[in-house]
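Down below is the structure, laid out as structure tokens.
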Amino acid sequence: MQRPLYQMKADFFKTLGHPVRIRVLELLSQREYAVSEMLGEIGVEAANLSQQLSILRRAGLVTARREGLSVTYELTSPQVAELLAVARVILTRVVTGQAEALEQPA
């Protein structure tokens, strides 16, 4: 029995529901990164980053390429970067609306 699309979407957004995973995807939206580079940018323990990268790999959002001892990651699709950009626009509007509401006299 096939899962409904809305359930698949919910699972997809659950995958995005962690700050480290979002930060990884934001970095990879700019270019591919080696794990060692990401560690310096994200500031988490190697085991935590590895766990989050594994979740993103299983979800099909990133791919890994081994080069000697180094592992380099990249997005599987430019639409992932587009999704993050759209989320930024939506959040900017929400925050702007909240700020405007706070400025209104009581």
| request: Say whether the condition of being of a type in the set (K, R) and part of a strand (DSSP E or B) is met by at least one residue in segment 82-92. | output: no
| request: Kindly check whether there is at least one residue in segment 60-68 that is at positive phi, in a loop (DSSP other than H, G, I, E, B) and exposed (fewer than 12 other Cβ atoms within 10 Å of the Cβ). | output: yes
| task | Please name all residue pairs, on different chains or six or more residues apart, with Cβ atoms under 9 Å, provided the first residue is in segment 1-15 and is touching a residue at least 24 places away in the same chain (Cβ under 8 Å) and the second residue is part of a helix (DSSP H, G or I). | result | T15/R21; T15/I55; T15/L56; T15/R58
| said: If I filter segment 43-54 for residues that are in contact with an Asp or Glu (Cβ under 6 Å, 6 or more places away or on another chain) and open to solvent by 70 Å² or more (accessible area, probe 1.4 Å), do I get at least one hit? | reply: no
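Is it true that L25 is closer than 24 Å to K9 by Cα and assigned to a helix (DSSP H, G or I)?
The answer is yes for L25.
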| task | Would you please name the residue that is modelled with the lowest pLDDT, looking only at residues in segment 18-42 that are closer than 24 Å to E82 by Cβ and open to solvent by 60 Å² or more (accessible area, probe 1.4 Å)? | result | E41
| request: State yes or no: is T72 open to solvent by less than 40 Å² (accessible area, probe 1.4 Å) and in a strand (DSSP E or B)? | output: yes
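The values are calculated or read from the model by the stated rules, or taken from the named source; none is laboratory data. Quick caveat: nothing in here was measured; it's all calculated off a predicted structure. No Cβ is skipped: glycine too gets one built from the backbone with ideal geometry, and neighbour counts run over all protein chains shown. Protein only, heavy atoms only, side chains kept; ligands, DNA and RNA dropped before computing areas. Shrake-Rupley method; radii C 1.70, N 1.55, O 1.52, S 1.80 Å.
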